[in-house]
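Asker: Just passing along the structure, written as structure tokens.
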Amino acid sequence: MLTQFLAIRLRQATRIISEIGLARTIFVLIGLILISPKIFSLGSEFNSALFLSVTQVFMVLSLQTTRRDKVFLQHLHINKYKLFVCENITMSIPILGILLWHKNFAMVGCAVAAIAAISALRTTIKISSGTFGGAALFPAKAFEWRSSFRLNGIFLILLIALATGFCSYDFVIPAAIVLLNFYSAGVQMQSEPRQFVELYELSPHRFLWAKTATHLLIFALIAFFLLALFAFIHIHLIYAALYLLTISLLIQMFVVFQKYAVYTPNESLQGNIIFVTLIIFGFLIPWLSPLPLLLLVRSYKKAVQNLKIYLDVEN
Amino acid sequence: MLKIENLSVSYGNNTVLNTLNWKIPSGEIHGLVGLNGSGKTTLLNTIFGIKKRDTGVILFNNLALNKTNISYLETVNFFYPRITGKEYLKLFQSKNPDFDFNNWNRLFELPIEKLIEKYSTGMKKQLAFIGALAAPKPLLILDEPFNGVDLETTQKFRNVILALKKSNRTIIITSHILESLTGICDTMSLIKDKKIAFRVDKTEFGGIEKRIFKQLDSDSEQIISELINTKK
């Protein structure tokens, strides 16, 4: 039964990869390998390996505690623990691979042990509006942020709290900003009803800029606190802070453009994560620097074309 | 009058509607029936403009139909799960300040302060129905509005639809349940074989069931009898 289930999961994964594109997936994996020495050059070998491991464990933890198939799986005669371990370890292979490549065997052991322990978690974190009322702070038209914050705002709070707590290490806040970029990208990957697009009654161009402005404003407000703290503590790295802010804003522009480039009403846009990863790599690997800008222009054009279906008045 | 001429729509190589013609007068309620996969939703999506047509013309009161004339309630209603009913309806109010969702909710009594993910299927349908009525547009398309709602809500929907007709709105409704349409519609059309097979008015509603199911009954009776015999 477990083998059959894993085979189904594997087929699902191959379908996802074929939807994203095999070439793009390979490109991201190569990018990951190329970028790893850069990550290791940010701090000491130990700190870099620790950062990668903690990030991966943190991601597995957030997925494990929010996965919605636990009730469904209860009805199957299957060893859930083994299934979760297999899935979580498979997902972590790229990061574990990098750690192995850099011969951080002890860190790999710790990460695998932590992932195995997390896989035993049966609880599902569900945050209701009653306990997480802060979502109302987001403007009414930023419904993606409201919905997302209610769903997993605790991770955003934790991220900011941890980054603030460990801000004396110079790599912590830049790492937190990268994670914040992924979090904010996730906000724009939820499925969106058609009515929410039509409601604006704007041309595709104006709609896109209105959505981008709202998203960038919220992102900048969150990121500004961390970057100001970083610039204050590590004053000699103020240009790094400015660079991070600039590329983060470009990444978040891309996130909105890409969302509407592939937008279909009521469909989740999780596949966009691969494009976001691509563009982040593009900014971090010098010889790939034209790629993000090309992707930005391409996704904008595609978004305008796609939005015409929903926003052009003429049928 | 809504006038559709020579409408053809396809998904890749699969033609779903083929040179379809349909005329329906303004200010009336029109039922559209058809079997699953017959192209009802495709027709409605094309009228609304979110499905591109291969050929054909769609006119409303002799002018090209555009989205500003149409409100559309889809079969499956989707919402961001972690927003409240009130937040959802407020978005519509921001576009049309005259839309008083609290007044509408006096009729449906939804727990609009709660997250939509806590709503039942019927409650979500009611919320979407209120949203579809937020802007007073002359053409209202309701795709399976009675799906998943209880008897009381069905009656409320029917009363609202009849009241909208009185305010001279043109309404198109689809349903799998003929009885839910015969009580309120002025005309009914059957979509079959990629075209509108026939259109009948109120006086002919009595015989519509026989016309639709004549062939279907004889086909399915044979299969059912074979199945039951096999089981024996």
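Asker: Give, to the nearest whole percent, the P(r) tail of region A:184-315 beyond 24 angstrom, counting all Cα pairs.
Answerer: 34
Asker: Nearest 100 Å² is fine: what is the total accessible surface buried where chains A and B meet, probe 1.4 Å?
Answerer: It comes to approximately 2800 Å² buried between A and B.
Asker: Still on this structure: Can you tell me which of A:N266, A:N88, A:N47 moves the most in a GNM of chain A? Springs connect C-alpha atoms under 10 Å apart.
Answerer: Between A:N266, A:N88, A:N47, it is A:N266 that shows the largest mean-square fluctuation.
Asker: Also: Among the DSSP beta bridges whose two residues both lie in the protein assembly as shown, what percent are antiparallel, rounded to the nearest 5?
Answerer: 55
Asker: Given only helices, namely DSSP H runs of n ≥ 4 each adding -39500 (n - 2.57), what is the per-residue ellipticity at 222 nm of chain B, to the nearest 500 deg cm²/dmol?
Answerer: After summing the helix terms and dividing by residue count, I get -11500 deg cm²/dmol.
Asker: Do the sum for chain A: with -39,500 (n - 2.57) for every DSSP H run of n ≥ 4, divided by all residues, what is the mean residue ellipticity at 222 nm, to the nearest 500 deg cm²/dmol?
Answerer: For chain A, the value works out to -25500 deg cm²/dmol.
Asker: Taking each residue of B:75-88 in turn, how many C-beta atoms of other protein chains fall within 10 Å of its C-beta, and what is the average?
Answerer: The mean count of partner-chain Cβ atoms within 10 Å per residue comes to 6.
Asker: While we're on this one: Heavy-atom accessible area of B:D193 with all protein chains present, probe 1.4 Å, nearest 10 Å²?
Answerer: 120
Asker: Over the residues of the protein assembly as shown, compute the C-alpha Rg and express it relative to 2.2 N^0.38 Å.
Answerer: The reported ratio for this selection is 1.13.
Asker: So how do B:E5, B:E209 rank on accessible area, 1.4 Å probe, biggest first, that is with the largest at the start?
Answerer: Heavy-atom accessible area, descending, gives B:E209, B:E5.
Asker: Another one. Let me check something: with ligands and nucleic acids excluded, how do A:R122, A:R67 order by accessible area (1.4 Å probe), largest to smallest?
Answerer: Greatest to least solvent exposure: A:R122, A:R67.
Asker: Of the residues A:Q74, A:Q270, A:Q305, which exhibits the maximal mean-square fluctuation in a Gaussian network model of chain A defined by a 10 Å Cα contact cut-off?
Answerer: Sorting by GNM fluctuation, first place goes to A:Q74.
Asker: Could I ask something else about it? Under the definition of Cα pairs under 8 Å and six or more residues apart, what whole-number percent is the relative contact order of chain B?
Answerer: 26
Asker: What shape does region A:1-125 take by its C-alpha gyration tensor, where a ≥ b ≥ c are the square roots of the eigenvalues and a/c under 1.5 counts as rounded, a/b above b/c as prolate, and the rest as oblate?
Answerer: oblate
Asker: So, one more: Give me the percent relative contact order of region A:1-125, please, defined on Cα pairs under 8 angstrom at least 6 residues apart.
Answerer: Worked out over region A:1-125, it gives 36 percent.
Asker: Connecting C-alpha atoms closer than 10 Å in a GNM of chain B, tell me which of B:I130, B:I208, B:I50 has the biggest fluctuation.
Answerer: B:I50
Asker: Still on this model: Once the whole set of protein chains is in place, how much accessible area is left on B:D201, using a 1.4 Å probe, in Å² to the nearest 10?
Answerer: Result for B:D201: roughly 70 Å² accessible.
Asker: Starting from the residue with the highest accessible area, list A:F149, B:F129 in decreasing order, probe 1.4 Å.
Answerer: A:F149, B:F129
Asker: Which residues belonging to region B:98-125 lose at least 30 Å² of 1.4 Å-probe accessible area when the assembly is complete, relative to their chain isolated?
Answerer: B:L115
Asker: Moving on to the next point. Give, rounded to the nearest 20 debye, the magnitude of the charge dipole that chain A has about its Cα centre when Lys and Arg contribute +1 at Cβ and Asp and Glu contribute -1 at Cβ.
Answerer: 580
Asker: Let me ask something else. Which value, in Å² and to the nearest 10, is the accessible area of A:R298 when all protein chains are kept and the probe is 1.4 Å?
Answerer: 90
Asker: When we measure straight from the Cα of B:K124, which lysines land under 19 angstrom away, once same-chain ones fewer than 8 places off are left out?
Answerer: Candidates past the 8-residue exclusion: B:K86, B:K90, B:K114, B:K156.
The values are calculated or read from the model by the stated rules, or taken from the named source; none is laboratory data. Just so it is clear, the structure is predicted and the values come from calculations on it, not from any experiment. All Cβ positions, even for glycine, are placed from backbone atoms using ideal geometry, and neighbour counts span all protein chains on display. Side chains included, ligands, DNA and RNA excluded: accessible areas come from the protein's heavy atoms. Shrake-Rupley method; radii C 1.70, N 1.55, O 1.52, S 1.80 Å.
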